[in-house]
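The structure under discussion appears below in the form of structure tokens.
None of the figures in this text is laboratory data; all of them are computed from the coordinates on show. Model, not experiment: these values are computed from the prediction. Cβ atoms come from the backbone with ideal geometry, glycine included; neighbour counts cover every protein chain shown.
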Ligand code: UDP
């Protein structure tokens with residue numbers, strides 16, 4: 001079937017929970033979340049369909065809780081609930097600036113948000129709503145990076161964008177090693193073999209096996225998200 005409608009770009013944006021913390025060491029910085037929401041609005045206004053996954057590391061991580069004595073699975077449930085809190089905060093920030101949003105959770109909590117149903121998520125995206133995928137994969141022992149890879153593949157995103165605090169992927173930590181080399185492009189296997197710590201192996205392998213391109217970029221740089229969307233040289237492309 002042919003259509004005169006231009007094909008719209010669909011992206012999955014992954015933010016870590018820490019990206020919302022700003023300078024504090026816990027919780028959500030209202031100025032940061034507002035700025036991220038404004039950048040997401042620009043992308044929506046440009047006609048791009050956007051799904052988001054936000055981590056929970058600014059509140060709880062299962063592994064950290066396990067170290068303090070909490071059962072790992074319970075800790076992971078707490079981590080997943082933390083991602084729902086972040087999703088609700090982002091929903092609020094986006095709605096305040098006139099963007100339509102649906103939070104869809106992998107764990108049922110119907111009084112708070114919708115359940116994740118792939119077909120419904122795609123319909124929301126087609127209608128120009130931001131969909132925030134909350135509660136990770138719904139399973140313990142996974143991360144929100146894996147949830148982001150999974151959702152990106154499920155919704156047929158053109159690319160997954162991983163927002164970080166640095167400009168992209170380096171051969172070593174650029175903060176600690178002045179000789180660290182910046183990579184403009186990398187293969188999935190280079191990331192796995194060189195243990196480059198971009199995302200956990202599960203998330204990378206899923207992208208590799210399903211040919212989901214990944215761009216790692218610095219969301220702290222104002223306008224970087226839009227530059228990525230416009231295809232400018234920003235961050236590291238993994239494919
Ligand atoms: N989590 C989980 N299953 C998932 C996704 C997340 O159990 O599918 C839990 C896990 O405890 C994790 C926490 O939720 O540590 C928060 O997610 P993550 O650490 O990925 O957040 P980020 O580092 O991106 O802020």
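Structure values in brief
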| read-out | value |
| --- | --- |
| Residue of 201, 148, 121 that the Gaussian network model of the chain assigns the largest fluctuation, springs spanning Cα pairs under 10 Å | 201 |
| Sorted by Cβ density within 10 Å, fewest first, the residues 171, 68 | 68, 171 |
| Reduced Cα scattering model of segment 12-133, Debye log10 I(q)/I(0), q = 0.09, 0.13 Å⁻¹ | -0.25, -0.51 |
| Most mobile listed residue (17, 47, 69) in the chain, GNM with C-alpha springs under 10 Å | 69 |
| For 111, 232, order by how many other beta-carbon atoms lie within 10 Å, fewest first | 111, 232 |
| Prolate/oblate/rounded call for segment 108-220, Cα gyration tensor, a/c under 1.5 rounded | prolate |
| Candidates 218, 110, 139, ranked by Gaussian network fluctuation over the chain, Cα under 10 Å, top entry | 110 |
| Ranked 13, 125, criterion: other C-beta atoms within 10 Å, fewest first | 125, 13 |
| Cα-derived Rg over Rh, computed across segment 87-160 with Rh taken as Kirkwood radius | 0.95 |
| Cα extents of segment 9-83 along the three principal axes, largest first (Å) | 47, 26, 12 |
| Antiparallel %, DSSP beta bridges [both residues in the chain], to 5 | 15 percent |
| Tensor-based shape of the chain (alpha-carbon gyration tensor, a/c under 1.5 rounded, otherwise prolate or oblate) | rounded |
